[in-house]
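The values are calculated or read from the model by the stated rules, or taken from the named source; none is laboratory data. The model shown is predicted, which means the values in this text are computed figures rather than measured ones. For neighbour counting, all protein chains shown are included, and Cβ atoms are generated from backbone atoms with ideal geometry for every residue, glycine included. The area values use the complete protein model at the heavy-atom level, side chains included, leaving out ligands, DNA and RNA. Shrake-Rupley method; radii C 1.70, N 1.55, O 1.52, S 1.80 Å.
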Amino acid sequence: MSLNETIPTLAADASFGAYVAKPSGEARGAIIVIQEIFGVNPGIRQKCDKLAAEGYLAVAPDLFWRIEPGIELDPDVEPEFQRALGLFGEFDQDAGIRDIEATIQHIRRTLGVAKVGCVGYCLGGRLAFMTAARTDIDASVGYYGVGIDGLLGEKHAIAHPLMLHIPTKDGFVPRETQAAMHAGLDDHPKVTLHDYEGLDHGFATEHGKRRHEEAANLADGRTAAFFAEHLG
């Protein structure tokens, strides 16, 4: 596991690892990359590396550390996929948001980057929404976030820009949930939703059979423009 940074919890009573990719020069901003249910695996680390190449400090905290530090799974290997589904059930999402808040503070205070955004995938897409509602992060992006319809009661607390990418044939986010997201968020002044017709969950993964190259590039281009506008 290539975790190369240690971050203290908000209570400073423990610490957890993170993968950090640094730009070649001064960072134009920082982006927290929030993992899927598969941990900080090679695909998440590649997301960080690509963001660093674009000039950002990229940080992927190990949010499963309370269950088991250093988990990284392959979604294309069925036993590992099933284990990941189990981890989703074990994971304390409120504690995960506190760890993301600790990561924001660590980036600003210790790593010296003031503007901080986040981008999350699957579970991370849900956590990106929660981060937008519960922290002072500067900008957030969620890809195929699960169960966001159940979080819409928090939308009033979203004070900074949020972008959500929604594949319309997501096997984990039914049409009814997508409709509720649009009904609840389309008129929110800080939220932008993009639909991807006919695509399934995980279309923007870096590795494996789930990736749809054209749609991934379209969504990532929108994300890049969003962060360029709101982080620098």
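A few comments on the model shown:
- Based on C-alpha pairs under 8 angstrom that are at least 6 apart in sequence, the stretch 136-204 has a relative contact order of 38 percent.
- Glu90, Glu101, Glu214, ranked by accessible area, largest first (probe 1.4 Å): Glu214, Glu90, Glu101
- In this structure, the pairs whose alpha-carbon distance is over 27 Å, taken from Lys115/Lys169; Lys169/Lys190; Lys115/Lys155; Lys155/Lys209, are Lys115/Lys169; Lys155/Lys209.
- In this label model, Glu78 and Ala159 are separated by 4.9 nm, measuring between points 7 Å along each Cα→Cβ vector.
- Heavy-atom accessible area per residue - the chain, 1.4 Å, Å²: 41 Å²
- Calculated volume of the Cα convex hull per residue in Å³ (choose from (1) 131; (2) 174; (3) 112), label: (3)
- Relative contact order, percent, the chain [alpha-carbon distance under 8 Å, six or more residues apart]: 16 percent
- Remark: spin-label model distance Phe88-Glu68 equals 1.8 nm, labels positioned 7 Å along the Cα→Cβ axis.
- Once the Cα-Cα distance is subtracted from the 0.36 nm per residue extended length, the His194 to Arg109 segment shows a gain of 27.3 nm.
- Of the peptides 137-149, 3-15, 191-203, 158-170, the ranking by mean beta-carbon count within 10 Å, highest at the top, reads 137-149, 158-170, 191-203, 3-15.
- In nm, spacing of pseudo-spin labels at Ala179 and Glu213 (7 Å Cα→C-beta vector): 3.6 nm
- FRET efficiency estimate (nearest 0.05) - Cβ-Cβ, Leu10 to Lys169, R0 45 angstrom: 0.70
- Reported to the nearest whole Å, the Cα centre-to-centre distance from the stretch 184-221 to the stretch 143-177 is 12.
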